[in-house]
Amino acid sequence: MPRKRPRLYPIWDSVVSQVLCTERAHLNPVREALRADDGALHRRLVSIRKKAGLPEEISALRVFDVIAWMDGKNRRLGEPSDLER
C-alpha cells in the first residue's frame, strides 16, 4: 500500500538520500532543485509524467521521488554490502 504523504514533501529513505547525497538535509535541496533554472527540472518531470500517462494528481515531486528511488535501486544503493552480511 502506498504511503500517504502530502504532495509537497519529498519522500526520504536511505536509497533516495544516497542518490541525492542528502543524508542530513533533504527538503531544501529538493525544493531548490525544482526551482532552479526557472523551474527546468519541474517542467521536465511534468513532461515525464505526461509521457508515462500518469494523472495530473501525481505531483512532479512524486515523479522525482520515484525516479530517484529507481535510479538508486538500479545502482543497488541501500542494500547491505558483502562486508555487512
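The values are calculated or read from the model by the stated rules, or taken from the named source; none is laboratory data. Computed from a prediction, not measured in an experiment: that's the story for all the values here. Here Cβ is always computed from backbone atoms with ideal geometry, including for glycine, and neighbour counts include all displayed protein chains. These area figures cover heavy atoms from the full protein model, side chains too; ligands, DNA and RNA do not enter into them. Shrake-Rupley method; radii C 1.70, N 1.55, O 1.52, S 1.80 Å.
Annotations
- Among (1) modelled with pLDDT under 85; (2) of a type outside the set (Phe, Trp, Tyr); (3) surrounded by fewer than 16 Cβ atoms within 10 Å (Cβ to Cβ) - the single one PRO10 does not satisfy: (3)
- If you check LEU83, LEU54 for being modelled with pLDDT under 90 and assigned to a loop (DSSP other than H, G, I, E, B), only one passes: LEU83.
- So ARG31, is it among the basic types (Lys, Arg) and at pLDDT 85 or above: yes
- Note on segment 52-78: residues that are out of contact with any helix residue (DSSP H, G or I) (no Cβ under 8 Å at 6 or more places or on another chain), open to solvent by less than 70 Å² (accessible area, probe 1.4 Å) and closer than 15 Å to PRO10 by Cα amount to 2.
- Selection count where residues are acidic (Asp, Glu) and either assigned to a loop (DSSP other than H, G, I, E, B) or under 19 Å from ILE11 (Cβ atoms) (or both), scope segment 28-51: 1
- Going through (1) open to solvent by less than 80 Å² (accessible area, probe 1.4 Å); (2) touching a helix residue (DSSP H, G or I) at 6+ places or on another chain (Cβ under 8 Å) one by one, HIS42 falls short only on (1).
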